[in-house]
Amino acid sequence: MRNLVTGGAGFIGSNLVEKLIKNGEYVICLDNFSSSSKINIKDWLNNPKFKLIEHDIIDPIEIEIDRIWHLASPASPLHYQANPIKTSKTLFLGTYNMLGLAKRVGARLLMASSSEIYGNPEISPQTENYTGSVNTMGIRSCYDEGKRIAETLCFDYNRKNSVEVRIARIFNTYGPKMLPNDGRVVSNFITQSLEKKPLTIYGNGSQTRSFCYISDLINGLIKLMNSNFIGPVNLGNPQEISIKKLAEIIKSKIDNQLEFSYKSLPQDDPLMRLPSIEIAKKYLKWEPYIEINEGLTKTINYMKEVKNEF
Ligand code: UDP
């Protein structure tokens, strides 16, 4: 299979590239390096089964491929809010360009959608038929609405142009190859702890998230791409924890003397997030296996190893 991975140098993208190459597949990685790093793909740069194209997907591109794994987008609130108009443009034009490419070459396209399409959810757990509670005017809207229009484009290309699409709604994910400075909570807490700084808890820390370890997520993406199921399907770990609890676990693994520094809760920060994974279990026979303690230990070890590389 000739695979195109957009955002292939990013956190999820580079883990997917690694898995595909280790499975003996051919991979073209497309990335503009806006929120990713060459360090994540350095092992493959001289591999004949790997090709890197530095390209911004807001511009069309012609490549002969069989499968498109469309992951390119800034994903941390810090990054997607830095240039929000560019974020909307990337999610609309980028997805439009990739679907146009899929149509021309007859490729199957997997879209990395997000739990953010549920906004600040009023139900828990979030099931795929929940249409969400999303603000069009807030600082998260560029990403939330961007992922929603990206899904809409996928379904319309499927209905009108018979493009084969697969829609994954990815919940919070963590693990090796996350940028230490990417601004998300797991990388922030680990980086702060390793630097002996206070852990910054936004709000009172009672808001919840459900964290999925990267290898579990990659298995889910591959199962979805190989299945006959269009989706949308939630991919996430149904173990919900508060942000305060997460801070306590990370602190206990690195240095129990560390303090917490409370900051204000950002606008529209979802109060809870928990995936229902019944659809994934039923149609993909997928569920995550790595629980948070094990996953955090692996992630901390990775961050210690790469501390001086970034
Ligand atoms: N958060 C925090 N401290 C940080 C970074 C994030 O308390 O240094 C909180 C944030 O307000 C949110 C949760 O952790 O409630 C997850 O944030 P993240 O940016 O990782 O992802 P999100 O799920 O909000 O997109």
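Overview of values
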| quantity | calculated |
| --- | --- |
| Filter pass, E116 being within 16 Å of the ligand (Cβ to nearest atom), modelled with pLDDT of 95 or more and among the acidic types (D, E) | yes |
| Filter pass, I53 being in a loop (DSSP other than H, G, I, E, B), in contact with a Leu (Cβ under 8 Å, 6 or more places away or on another chain) and away from the ligand (no atom under 16 Å from the Cβ) | no |
| Residue, nearest to T297 (Cα to Cα), within region 189-200, restricted to residues that are within 9 Å of the ligand (Cβ to nearest atom) and surrounded by 22 or more Cβ atoms within 10 Å (Cβ to Cβ) | F189 |
| Residue in region 265-276 that is touching a residue at least 12 places away in the same chain (Cβ under 8 Å), crowded, with 18+ Cβ neighbours inside 10 Å, over 30 Å from M137 (Cβ atoms) and touching a helix residue (DSSP H, G or I) at 6+ places or on another chain (Cβ under 8 Å) present | no |
| Among the candidates I53, I68, I63, residue that is crowded, with 18+ Cβ neighbours inside 10 Å and touching a strand residue (DSSP E or B) at 6+ places or on another chain (Cβ under 8 Å) | I68 |
| Total residues in region 271-310, condition assigned to a loop (DSSP other than H, G, I, E, B) and small (G, A, S) | 1 |
| Some residue of region 153-174 being small (G, A, S), closer than 22 Å to S37 by Cβ, within 19 Å of the chain's Cα centre (by Cα) and more than 10 Å from the ligand (Cβ to nearest atom) | no |
| Region 1-18, residues that are more than 19 Å from L91 (Cα to Cα) and part of a strand (DSSP E or B) | R2, N3 |
| Matching option when the condition is modelled with pLDDT under 95 and within 30 Å of T152 (Cα to Cα), among Q267, Q239 | Q267 |
| Test for S227: is it touching a Lys or Arg at 6+ places or on another chain (Cβ under 9 Å) and either more than 16 Å from the ligand (Cβ to nearest atom) or modelled with pLDDT under 95 (or both) | yes |
| So S193, is it closer than 19 Å to L274 by Cβ and not aliphatic (A, V, I, L, M) | no |
| Qualifying positions in region 249-287 - among the hydrophobic types (A, V, I, L, M, F, W, C) and either within 14 Å of the ligand (Cβ to nearest atom) or farther than 26 Å from G236 by Cα (or both) | I249, I250, L258, F260, L265, L271, M272, L274 |
| Residues that are part of a strand (DSSP E or B), under 20 Å from R209 (Cβ atoms) and touching a Lys or Arg at 6+ places or on another chain (Cβ under 8 Å), drawn from region 100-118 | S113, S114 |
| Answer from P121, P84 - the residue that is surrounded by 16 or more Cβ atoms within 10 Å (Cβ to Cβ), more than 15 Å from the chain's Cα centre (by Cα) and closer than 15 Å to Y143 by Cβ | P84 |
| Filter result (small (G, A, S), in a loop (DSSP other than H, G, I, E, B) and within 15 Å of N301 (Cα to Cα)) within region 164-188 | G175 |
| Inter-residue pairs, beta-carbon under 8 Å, first under 24 Å from L265 (Cβ atoms) and in region 63-78, second more than 16 Å from the ligand (Cβ to nearest atom) and of a type outside the set (F, W, Y), 6+ apart | S73/G7; S73/T90; S73/G94; P74/S34; P74/T90 |
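Results for (1) assigned to a strand (DSSP E or B); (2) modelled with pLDDT of 95 or more; (3) within 18 Å of the chain's Cα centre (by Cα), shown as yes or no for each residue.
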residue	(1), (2), (3)
L78	no, no, yes
S88	no, yes, yes
M98	no, yes, yes
E128	no, yes, yes
I139	no, yes, no
Y143	no, yes, yes
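The values are calculated or read from the model by the stated rules, or taken from the named source; none is laboratory data. As the structure is a computational prediction, the values presented were derived from the model and not from experiment. In this analysis, Cβ positions are derived from the backbone assuming ideal geometry, glycine residues included, and neighbour counts consider all displayed protein chains.
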